[in-house]
Amino acid sequence: MKTKKILINATTFLIGMSLLVTPVTTMGAAVSTDKSWLTTNEKEIKSVTNEIKSLDSKDYEDLEFLNSILKDKTVVCLGENFHRVAEYSSMKTRIIKYLHENLGFDVIAFESGLGEGAAVYQDADKLTSKDMMENSIHPIWHSKETLGLFDYIKQQSKTKNPLYLTGYDMQPTSSYFINFMAGWIAKIDKNYAKEYENFETQYFKDCYSVINGYPLDELYKHTNEVSQIKNKYDPKYEKVLKFIDDNRDKLAAVYPNNPNIITIAKRALGDRMKFVEMIMLNTVNCYEFRDKIMAENVEWITNVLYPGKKVILWAHNDHLAKNTSKMLVKENGKWINSFTSMGELLNKKLNDKEYVLGLYMNSGKACSIATQKNFDISPMPEGSLENNMIKSGYKYSFVDLSQQKTESIGNSWMFNPMFAGEDGMTSEVISPMSMMFVPKEQYDGLLLIDKVNEPTLKY
């Protein structure tokens, strides 16, 4: 994904991309299936709209099949093969509401800043839904469609059954966490609060001056510049962490209803320090470094921050699929392996306690990531996962892979390599047939949307 040359929008750096590691010389052939099997085994979802009237209405009727599939799951992962798609955000919002209201999922965690998510949720009472969205999650999801979820989060925060908002990314999302921390510290020491605010703001400006100054795959060649940033700011971060420890009781007293606020702040600040380390690595190690930290953050969220609660993860497919290192991506005309993602690391620990749902599209329009220009998506060709699933004839189709234990004529496609569309490492558009994987190795379920639209950026 290409980056913007300004601080806040530059946080799209390294979001939802495929990594390239080991060349692959052999590939299996894609396998198709017949329409009758799909008609019998696929579930039709009637709508992507967020407008859920009540628990009693039939608005949820088409999602009730999820009850038996997810009844024993503690983590549900909602992926997407591209970020700026209206129907993806609408569909995820609707599913999240259903999971919260019917299956006891109480936490929504975004592929966005840990500190920003926590700070925004702490201040939910004094922020609008729009403010919450824009300050907690990456700009790639800022849209009218995603705003519906934040309307719901804000509404539920005032009830006895809140939907907790958090992030798990080690990258910054906005300046909100800096402002939150500065205001918090100012209650103890106004002079040091200003010092903290100034150094953290400048830290990210310095980091992004390097990120935006060189091609993505050449950043690691400029370790001298990055080392200077690290050496300059590490002592400043150590100082703020010590300030928190020295003033733990006073700081905790500011937020008496949030017993984890100190731990959250220290973890988020520790991630800030790691951000500069990530820049020093080559492309492959850079991506894997980030995903390892995200996996650790998800584990911390489920075990410490919200123990015993069921969690929903929102991210790109590439961060959630269960065996991403086995995926193949096409880069410069060559098929090569993808990277070891957060999803692969988490699956080794969660196993059958998680459910990974990959979202794909067949055709329509989407919006490029950096330029925000719309582009057309032609119908996916024969031999692709998308073309295979669309044969059911549904506009929105869901197929559960988890219960398909043995290969047969009808389901052989999910046990064998299939092509799919992907946005690649730096591309801002979907390319058909540019990824290859065995569906059952990567996902527990697949959701295909026949025709998509660009997100509504004016909200």
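The values are calculated or read from the model by the stated rules, or taken from the named source; none is laboratory data. As the structure is a prediction and not an experimental result, all values here were calculated from the model. Positions of Cβ are generated from backbone atoms using ideal geometry, with glycine treated the same way; all protein chains shown enter the neighbour counts. SASA here: full protein model, heavy atoms, side chains in, ligands and nucleic acids out. Shrake-Rupley method; radii C 1.70, N 1.55, O 1.52, S 1.80 Å.
Quick notes on this structure:
- Out of every Cα-Cα pair that region 75-208 contains, those further apart than 18 angstrom amount to 57 percent.
- The HN-Hα couplings worked out from phi for region 343-349 by the Karplus form 6.51 cos²θ - 1.76 cosθ + 1.60 (θ = phi - 60°) are x, 5, 5, 5, 4, 5, 9 Hz, whole numbers, x standing for Gly and Pro.
- Computed over the chain: relative contact order in percent, which uses C-alpha pairs under 8 Å that are six or more apart: 28 percent
- The Cα atoms of region 338-397 define a convex hull whose projected area, averaged across directions, is 6.4 nm².
- Rounded to the nearest 10 degrees, the angle from helix 261-279 to the longest Cα principal axis of the chain is 70 degrees.
- For residue 454, neighbours were defined as the other residues whose beta-carbon sits under 13 Å from its Cβ, and their charges (Lys and Arg +1, Asp and Glu -1) total +2.
- With all pairs of different C-alpha atoms in the average, the Kirkwood value for the hydrodynamic radius of the chain is 22.6 Å.
- If the chain linking residue 194 and residue 255 were pulled fully straight, counting 0.36 nm for each residue of separation and taking away their Cα-Cα distance, it would gain 19.9 nm.
- Here the accessible area is traced with a 1.4 Å probe on the protein chains. For region 58-98, carbon and sulfur cover 41 percent of it.
- Rolling a 1.4 Å probe over the protein heavy atoms gives the chain an accessible area of 40 Å² per residue.
- Beyond 22 Å in Cα-Cα separation lie the following of the pairs 92/353; 154/309; 194/236; 230/348; 239/309; 43/440: 230/348; 239/309.
- Positive-end ranking of 270, 287, 240 along the dipole of the chain, with charges on Cβ about the Cα centre, is headed by 240.
- Tilt relative to the chain, helix 144-156 - C-alpha long axis, 0 to 90 degrees, to 10: 60 degrees
- For region 67-95 and region 413-459, distance of Cα centres in Å: 14 Å
- Relative contact order for region 55-183: 32 percent, from Cα pairs under 8 Å spaced at least 6 residues apart, divided by residue count.
- Helix-derived mean residue ellipticity, 222 nm - over the chain, DSSP H n ≥ 4, -39500 (n - 2.57), to 500: -12000 deg cm²/dmol
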